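Report on the structure given below.
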Amino acid sequence: MSDTLLEVRDLRVEFRTRDGVAKAVNGVSYAVDAGETLAVLGESGSGKSVTAQAVMGILDTPPARITGGEILFKGRDLLTLKEEARRRIRGAEMAMVFQDALSALNPVLTVGDQLGEMFVVHRGMSKRDARAKAVELMDRVRIPAARERVGQYPHQFSGGMRQRIMIAMAMALEPALIIADEPTTALDVTVQAQIMELLAELRRDLGMGLILITHDLGVVADVADRIAVMYAGRIVETAPVHDLYKEPAHPYTAGLLDSIPRLTHKGRELYAIKGMPPSLLDIPPGCPFHPRCPRARDVCRIDEPPLHEVSDERGSACHFWKETLHAADS
Ligand code: SF4
């Protein structure tokens with residue numbers, strides 16, 4: 001039996017703006033199994049966070065509008081549920097860790113009250129028991145002196161510690177799925193690694209599915225099982241993490257990999273993908289990456305490539321994926 005937890009099928013999201021319709025998500029499909037980590041990678045405006053917000057049911061509608069697709073969670077299409085049913089699922093069955101813990105946490109409530117509230121609201125616990133649970137959670141995410149610090153406010157914690165509190169809140173009710181949206185972007189490199197390690201450990205221990213949204217290929221190499229690369233609201237490559245690092249099958253992924261600083265490339269100029277991501281109000285015809293692609297040919301400006309099957313577990317939305325794959329080999 002399949003243990004697919006979440007399946008997004010052909011999702012489409014638009015934003016109505018004064019300047020026109022921004023097509024933020026254009027037929028995205030991906031799946032996450034229980035116990036699996038999927039990294040969703042892309043530059044700002046690629047649609048990765050909008051897709052996650054649609055999954056969580058926290059898109060502002062309007063201006064956003066879901067114009068097509070399905071979001072199957074444990075086999076049920078979330079898009080057909082009433083808001084009350086979705087609210088019950090949020091927190092209890094799926095939870096989100098945001099990039100900016102300081103704005104996501106309530107500045108006027110102690111962290112103990114915020115963590116405890118989850119148990120009071122969803123589990124009907126007394127305030128005293130909920131506080132004990134809050135201390136337990138803070139210990140679990142390795143916040144030192146949890147018993148003493150449970151009565152402190154978010155601003156009294158460092159950035160890394162606040163992110164640990166966000167993770168504790170997300171895992172409080174042991175949801176089946178956690179979505180972490182750029183959870184380490186605001187942190188320094190050492191703390192980034194610690195937070196990634198913590199997420200990986202909790203995912204393993206609790207058997208959750210984890211979606212890690214990031215713009216940085218470098219931070220997910222050690223923790224993700226699979227990667228979906230997004231560009232202009234589409235998935236352009238999907239692959240097990242080691243295959244993608246070893247042999248990218250899409251020029252955009254190859255460019256992203258070449259732009260990661262490496263010790264072995266010391267003294268060499270760092271590669272940068274030319275140009276900027278397209279405006280979602282005016283996505284280029286054909287392959288949306290063609291204005292920036294070093295391999296672009298005439299056909300790329302006319303025909304939009306489908307997600308070609310590279311192998312059982314891999315896909316690439318490039319007409320010339322074979323060449324790209326072989327270029328990585330050579
Ligand atoms: Fe580049 Fe063409 Fe492949 Fe698009 S389809 S990524 S433009 S080679």
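The values are calculated or read from the model by the stated rules, or taken from the named source; none is laboratory data. This one's a predicted model, so the numbers in the text were calculated from it and none came from an experiment. As a convention, Cβ positions derive from the backbone with ideal geometry for all residues, glycine included, and neighbour counts pool all protein chains shown.
Show me the strands (runs of 3 or more DSSP E) entirely contained within the range 193-299 in which 1 or more residues are farther than 22 Å from Met96 by Cβ and either at pLDDT below 90 or away from the ligand (no atom under 16 Å from the Cβ) (or both).
Numbers: elements: 209-214, 226-231, 234-240.
Where strands (runs of 3 or more DSSP E) fall fully within the range 193-299 and carry at least 1 residues being farther than 22 Å from Met96 by Cβ and either at pLDDT below 90 or away from the ligand (no atom under 16 Å from the Cβ) (or both), they are 234-240.
Have a look at Arg147, Arg131, Arg164, Arg142 and point out the one that is assigned to a helix (DSSP H, G or I), among the charged types (D, E, K, R) and under 26 Å from the mean Cα position of the chain (by Cα). Lay out the reasoning, then the answer.
On the way: Arg147 fails: under 26 Å from the mean Cα position of the chain (by Cα); Arg131 fails: under 26 Å from the mean Cα position of the chain (by Cα); Arg142 fails: assigned to a helix (DSSP H, G or I).
Among Arg147, Arg131, Arg164, Arg142, only Arg164 is assigned to a helix (DSSP H, G or I), among the charged types (D, E, K, R) and under 26 Å from the mean Cα position of the chain (by Cα).
Residue pairs, Cβ under 6 Å, 6 or more apart or interchain, first in the range 285-311 and in contact (Cβ under 8 Å) with a residue 40 or more places away in the chain, second aliphatic (A, V, I, L, M) and near the ligand (Cβ under 8 Å from one of its atoms). List them.
Pairs found: Leu307/Ala317.
Quick one: how many residues across the range 13-23 are closer than 18 Å to Pro305 by Cα and under 17 Å from the mean Cα position of the chain (by Cα)?
Initial filter on the range 13-23 (closer than 18 Å to Pro305 by Cα): 23.
Pick out the ones that are also under 17 Å from the mean Cα position of the chain (by Cα) and you get none.
Count: 0.
Which condition from (1) in contact with a Lys or Arg (Cβ under 7 Å, 6 or more places away or on another chain); (2) farther than 28 Å from Glu117 by Cβ is the one that Ile213 breaks?
It is condition (2) that Ile213 fails.
What about Leu307, is it more than 10 Å from the ligand (Cβ to nearest atom) and buried (at least 20 other Cβ atoms within 10 Å of the Cβ)?
The answer is no for Leu307.
Report, by residue number, each residue of the range 118-132 that is within 26 Å of Leu177 (Cβ to Cβ) and surrounded by 18 or more Cβ atoms within 10 Å (Cβ to Cβ).
Answer for the range 118-132, where residues must be within 26 Å of Leu177 (Cβ to Cβ) and surrounded by 18 or more Cβ atoms within 10 Å (Cβ to Cβ): Met118, Phe119, Ala130.
Name the pairs whose Cβ atoms lie under 8 Å apart, with the first residue in the range 163-192 and touching a residue at least 24 places away in the same chain (Cβ under 8 Å) and of a type in the set (Asp, Glu), the second in a loop (DSSP other than H, G, I, E, B) and surrounded by 24 or more Cβ atoms within 10 Å (Cβ to Cβ), and 6 or more positions between them or separate chains?
Sorted first by the residue in the range 163-192, then by its partner, the pairs are Glu174/Met208.
Considering the range 99-116 alone, what residues qualify as being modelled with pLDDT of 85 or more and surrounded by fewer than 18 Cβ atoms within 10 Å (Cβ to Cβ)? Step through it out loud before you land on a result.
We begin by selecting, within the range 99-116, every residue modelled with pLDDT of 85 or more; these are 105-116.
Residues satisfying the conditions are Asn106, Pro107, Val108, Leu109.
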